[in-house]
1. For the range 7-82, give the magnitude of the charge dipole about the Cα centre (Cβ charges: +1 Lys/Arg, -1 Asp/Glu; no others), in debye to the nearest 20.
2. Relative contact order for the range 7-82: what percent, with Cα pairs under 8 Å and sequence separation of 6 or more?
3. In nm, what is the difference between 0.36 nm times the number of residues separating ALA51 and ALA80 and their Cα-Cα distance?
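Quick note: the coordinates plus some simple rules give every number you see, no bench work behind them. Please read all numbers here as calculations on a predicted model, not as lab measurements. Positions of Cβ are generated from backbone atoms using ideal geometry, with glycine treated the same way; all protein chains shown enter the neighbour counts.
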Amino acid sequence: MDHDTHPGAKALLRWREGAGLTQAGLADRIVPPVTQGAVARWEDATAQRPALSTAVQIQRLSHGEVDATLWGYPAAEVNAVMGVVAEPAVDPRPSPVA
């Protein structure tokens, strides 16, 4: 894989075509809407990728088939946009009494 491409491009194309969506149809489902040309650029495996908020919307629309991390976004950032809070590890032992 060339360093300028994102695995999200192939995943997006595979999912979108499998779902029977046109590029324009997907563009219309993004809020705020994007152009068909934007979807085409994301799919052509160039260095261009959707914004993080858009990548998360695509992840939700695809039921996780096009994970936002495939575009190079860290999982912690994706989770933050999705409203997922990482719970701190809890030690099951009681705290020592001073």
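1. Values: 7 positive and 7 negative charges, 7 e Å.
So the magnitude is around 40 debye.
2. Normalised by residue count, the contact order of the range 7-82 is 32 percent.
3. Net length gain for the segment: 9.0 nm.
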